[in-house]
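The values are calculated or read from the model by the stated rules, or taken from the named source; none is laboratory data. If you're wondering where the values come from, they're calculated on a predicted model, not measured in any experiment. Heads up, the Cβs are rebuilt from the backbone with ideal geometry, glycines too, and the neighbour counts pull from every protein chain shown. Just the protein is used for accessible areas: all its heavy atoms, side chains included, with ligands, DNA and RNA removed. Shrake-Rupley method; radii C 1.70, N 1.55, O 1.52, S 1.80 Å.
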Amino acid sequence: MSTQPSIENISTILVIGAGTMGRQIAMTAALAGYSTIIQDISEDGLEAARTELEEWAAGRVGKGKLEQSAATSALAALSYSTDLDTAAAHADYIIEAATERLDIKTAIFEKLGVLAPAHAILATNSSTLGSSKVAQVTGRPAQVCNMHFFNPALVMKCVEVVRHESTSDATVEITMELARRLGKEPVLINREIPGFIANRLMGAIQKEALYLADAGIASIDDIDTTARTALGHPMGPFALMDMVGLDVIDFIAQATYAETGLEEDAPNPGIAALVAEGKLGRKTGAGFYNYN
Ligand code: CAA
């Protein structure tokens, strides 16, 4: 096989991390016909991903939205592993969706640089860490970029492809084309900026929503209703923050603030307080709303 990256060389995709994003990105790839490995250090995490994806596929078939044969093929195209070394050695394209911590991502990308085939592109799904932060340790910075999916990744069409200073045109083109082959509509971000496009737009709305609620101008319910009924948003900003996870929202704010130092980017104390109480949104049964 050529040592140059090429879209035609991609038959096996490795997704690192079996969390909310990783498992749905992997299923998206499997549905598009790619042999897909989900790797995670946690056996329990892999089992939870397998259960959710099998239930999701059964639900889609039950609803008449997916052929049984397509569901069976996609589930058969997925494999689950705790062994990063072996998985990386077999991958033609790698999407890292592990914990949003630079030390963890750096260790992973350092390994990938050694283990992945020379033609493999190494992408991160990170919404906060530009790939320039991990590119050099791979020894192949031209083949590193962000490929950022949105929650729920099986549904949302957008993929933000973010290049850093040394990302090659070939890496960008292949990643954009791969996103299209996964049924997505990629957009290109030419220069790293905290939040890329979507989280900057979402952040601006959230900031205003939090201001209106904190100042007692309207209830969170009425603010969410207004976003839906006046602006046609599928869900209001508070419901969306609960869906994304308040820990993730807080982390994005912290990472952005650390990078910009601007007071307007400072994390919201109300959200930090909810996180400290363990109220992370839907996944814990409570956040801005109660889900029990
Ligand atoms: N996983 C997989 N599929 C899901 C899903 C999930 N968690 N939640 C909903 N769906 C599917 C449903 O199965 C349904 O599919 P069909 O119509 O084909 O049957 C479809 O989505 C619509 O679902 P519902 O009818 O239950 O509800 P809805 O119409 O309100 O849609 C929604 C749900 C798709 C989540 C919609 O509310 C929406 O688009 N919300 C905004 C989501 C958003 O903004 N995401 C970006 C978050 S930011 C981010 O991810 C980036 C980051 O870095 C933090």
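Laid out as a table, the results:
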quantity	calculated
Residue match in region 37-49 (condition: β-branched (Val, Ile, Thr) and closer than 14 Å to residue 179 by Cα)	no
Qualifying residue in region 194-209 (condition: away from the ligand (no atom under 16 Å from the Cβ), surrounded by 13 or more Cβ atoms within 10 Å (Cβ to Cβ) and of a type outside the set (Phe, Trp, Tyr))	no
Residue 153 vs. criteria among the aliphatic types (A, V, I, L, M) and under 30 Å from residue 234 (Cα atoms)	yes
Selection count, region 113-135, where residues are hydroxyl-bearing (Ser, Thr, Tyr) and more than 14 Å from the chain's Cα centre (by Cα)	1
Enumerated helices (runs of 4 or more DSSP H) restricted to region 43-162, each holding at least 3 residues that are closer than 15 Å to residue 18 by Cβ	43-62
Scope region 5-31; condition part of a strand (DSSP E or B) and out of contact with any Gly (no Cβ under 8 Å at 6 or more places or on another chain); matching residues	12, 13, 14
Selection count, region 152-169, where residues are within 16 Å of the ligand (Cβ to nearest atom) and open to solvent by less than 40 Å² (accessible area, probe 1.4 Å)	7
Residues (farther than 19 Å from residue 155 by Cβ and either in the same structural domain as residue 133 (by TED's automatic domain parsing) or open to solvent by less than 50 Å² (accessible area, probe 1.4 Å) (or both)) located in region 231-246	238, 246
Close pairs from region 147-169: first touching a residue at least 12 places away in the same chain (Cβ under 8 Å), partner small (Gly, Ala, Ser) and within 9 Å of the ligand (Cβ to nearest atom), Cβ under 6 Å, at least 6 apart	148/127
Residue match in region 232-242 (condition: aromatic (Phe, Trp, Tyr), touching a Phe, Trp or Tyr at 6+ places or on another chain (Cβ under 7 Å) and away from the ligand (no atom under 11 Å from the Cβ))	yes
Restricting region 127-137 to residues that are away from the ligand (no atom under 16 Å from the Cβ) and surrounded by 20 or more Cβ atoms within 10 Å (Cβ to Cβ), the residue that is nearest to residue 248 (Cα to Cα)	134
Selection from region 56-70 of residues that are closer than 19 Å to residue 35 by Cα, within 14 Å of the ligand (Cβ to nearest atom) and touching a helix residue (DSSP H, G or I) at 6+ places or on another chain (Cβ under 6 Å)	57, 66
Odd one out for residue 204 among (1) at pLDDT below 95; (2) in the same structural domain as residue 105 (by TED's automatic domain parsing); (3) of a type outside the set (Ser, Thr, Tyr)	(2)
All helices (runs of 4 or more DSSP H) inside region 207-292 with 1 or more residues being within 28 Å of residue 103 (Cα to Cα)	237-244, 246-260, 269-276
Condition met for residue 185 (modelled with pLDDT of 95 or more, more than 27 Å from residue 283 (Cα to Cα), surrounded by fewer than 16 Cβ atoms within 10 Å (Cβ to Cβ) and more than 16 Å from the ligand (Cβ to nearest atom))	no
Matching residues in region 69-126 - criterion: being open to solvent by less than 30 Å² (accessible area, probe 1.4 Å) and without any contact (Cβ under 8 Å) to a residue 24 or more places away in the chain	71
